[in-house]
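We did not get these values from a lab; they are worked out from the coordinates using the rules stated. Just so we're clear, the structure is a prediction, and the values are computed from it rather than from any experiment. Counting neighbours? That spans all protein chains shown, and the Cβs are built from the backbone with ideal geometry, glycine included.
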Amino acid sequence: MSDSSRNTAAEDDIYDLICVGFGPASLAIAIAIHDALDPRLSGQPPAAKQPKVCFLEKQKAFQWHAGMLLPGSKMQISFIKDLATVREPRSDFTFLNYLKAQGRLLSFSNLGTFLPSRLEFENYMRWCAARFENVVAYGQEVQEVVSGAASSGSVDSFLVRSRDQASGRVSTRRARHVVIAVGGKPKLPPGFPQTARIMHSSAYCTALPGLLKNQSSPYHIAVLGGGQSAAEIFHDLSQRYPNAKTTLILRDSALRPSDDSPFVNEIFDPERVDGFYALSPEERKSSIAANRATNYSVVRPELIEQIYQDMYMQRIKHADASKWQHRIYTHRTIDHIDHEDDNRLKIHLVPADGSRRHPHEILAVDALMVATGYSRNVYEDLLAKVAHLRPRESADKSWDVNRNYSVSLDRGRVSRRAGIWLQGCNESTHGLSDSLLSVLASRGGELVESIWGEHLAKKRPQVKRAVL
């Protein structure tokens, strides 16, 4: 891969591919391109001309969920589902090759686990990302994608405009193909006041220590949510702030265990995407609803057991629940929050179902961690100025996504040499695995094949190649 101009490409310079965002999805694409060009893997002589690519990333360096790298937290998928192995086990970018390079291969095997720590897996991805620094422009916040030059009446490229967060300079890069892989945007419930004392779970490790600086103080910290992130934070708070009161607020009646049993876990296999995509919209919704316990508002059983053990120990020390240091409020939701000064929040709790089974309660807290997930529609704003290039028959004005992750465009107005792809925001069409790590290795290979075809990417026989 080449990038002759990195941060300041001229408008008349054209890239074969620009990826907006350089998280795990784009990193998997970079690795797939690298492997496709590797004569050792392809069995073909080196390509006469390498594709010219560029990755634009808002962060100053590669990071993956930096705010949730809790001590002792483990991955929820096998290391085999890294960024390369499922697609090409011989790749230089497998997790096992990373361990070998770090001198930890046998030491890791002695752990007897397929689940590395989250900290180590993030380190593995940073190790991979370091190999592509010459084609990544960090600190670039992409503002918009607009149509580029037109030949014979058809748009044959796109312009990607980004702002350098250090200098404020706006740069424009031209590309035949654009991939939007910006990840999820932290989602807070509507109506919450704007204050540093309310923060999304994604900022737990990076922002909370700066707000509550004295780890021995008797703070009161609340956590909103019933999924893995909320449970991890609730558990970690007792270690991080041993004298603090903590409160977990759930809409449900209890923490629910995730289902990662073998047969159910097969829904995350890459080949399942074909079958899911072939379903009708109604069948897709039913499938997602039936398998929500694999990913949404659920917690790994061993963490539930640990939290229950901690809560039980309180019963031994204090029969009076009002004296417990850690509390779980079920069937509750937050009605509103008062923030009258810079010191504390007043959280008003009400029954989640609108009944009167529980009295209206007010919690005075020093901070509220909100673990309510992410929204994945950022691409709509980035692509607003090319929305007119969608097929005219798109009555609902939505972005239709093909099986190969390209968006449907009016080929009467857009050349077949140009295209836009979406990554990590296609759950409704490609299944529950779409925003997860499980399919990244295979999906990166599929995307490379769909853009460059057989001359660059090896065809995977088990995947039907979609036609643009």
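So the values come out like this:
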quantity: Amide H within-cut-off set for residue 144, under 5 Å, with H built and near neighbours excluded; calculated: 161
quantity: Gained length - residue 188 relative to residue 170, 0.36 nm times residue gap less alpha-carbon distance; calculated: 3.5 nm
quantity: Per-peptide average of other Cβ atoms within 10 Å, ordering 363-369, 228-234 highest first; calculated: 228-234, 363-369
quantity: Sorted by Cβ density within 10 Å, fewest first, the residues 86, 264, 182; calculated: 264, 86, 182
quantity: Karplus (6.51, -1.76, 1.60) ³J(HN,Hα), θ = phi - 60°, over segment 261-273, in Hz, Gly and Pro reported as x; calculated: 5, x, 5, 5, 5, 5, 5, 8, 5, x, 5, 6, 4
quantity: Burial ranking of peptide ranges 155-163, 419-427, 272-280, 315-323 (average Cβ count within 10 Å, highest at the top); calculated: 419-427, 155-163, 272-280, 315-323
quantity: Gyration tensor (Cα) of the chain, equivalent ellipsoid semi-axes in angstrom; calculated: 42, 25, 22
quantity: Considering only the chain, percent of DSSP beta bridges that pair antiparallel, nearest 5; calculated: 45
quantity: Rel. contact order, % - alpha carbon contacts under 8 angstrom, at least six apart, the chain; calculated: 22
quantity: Average silhouette area of segment 25-151, convex hull of alpha-carbon atoms, in square nanometres; calculated: 10.7
quantity: Electrostatic dipole magnitude of segment 19-118 [Cβ: Lys, Arg +1; Asp, Glu -1; Cα centre; debye, to 20]; calculated: 140
quantity: Hz values of 3J(HN,Hα) by residue in segment 52-57 - Karplus curve (6.51, -1.76, 1.60), Gly and Pro given as x; calculated: 9, 10, 8, 10, 10, 10
quantity: Most to least packed among 93-101, 112-120, 354-362 [average Cβ atoms within 10 Å]; calculated: 93-101, 112-120, 354-362
quantity: Table column - 3J(HN,Hα) (Hz), segment 221-228, Karplus curve with 6.51, -1.76, 1.60, x for Gly and Pro; calculated: 10, 10, 10, 10, x, x, x, 4
quantity: Linear extension gain, residue 314 paired with residue 416, 0.36 nm per residue minus alpha-carbon span; calculated: 30.2 nm
quantity: Cross-link pairs beyond the 21 Å C-alpha cut-off, checked among 74/317; 213/245; 74/185; 245/323; 49/81; calculated: 74/317; 74/185; 49/81
quantity: Cut-off under 5 Å, modelled amide H: who pairs with residue 15 long-range; calculated: 174, 175, 176
quantity: Degrees separating the helix 281-290 axis from the principal Cα axis of the chain, which is the longest one; calculated: 40
quantity: Among 170, 209, 199 - extreme Cα towards positive end, dipole of segment 145-230, charges at beta-carbon; calculated: 170
quantity: Label point at residue 100 placed 7 Å out along Cα→Cβ; residues across segment 20-57 whose backbone nitrogen lies under 15 Å; calculated: 40-41
quantity: About the Cα centre, charge dipole magnitude for the chain (Lys/Arg +1, Asp/Glu -1 at Cβ), debye; calculated: 260
quantity: Residue 299 long-range amide H proximity, modeled H, under 5 Å; calculated: 256, 258
quantity: For segment 249-370, alpha-carbon Rg over 2.2 N^0.38 Å; calculated: 1.44
quantity: Between helix 301-317 and the chain: long-axis angle, C-alpha atoms, 0 to 90°, nearest 10; calculated: 20
quantity: Ascending count of other beta-carbon atoms within 10 Å, so fewest first, for 388, 220, 348; calculated: 388, 348, 220
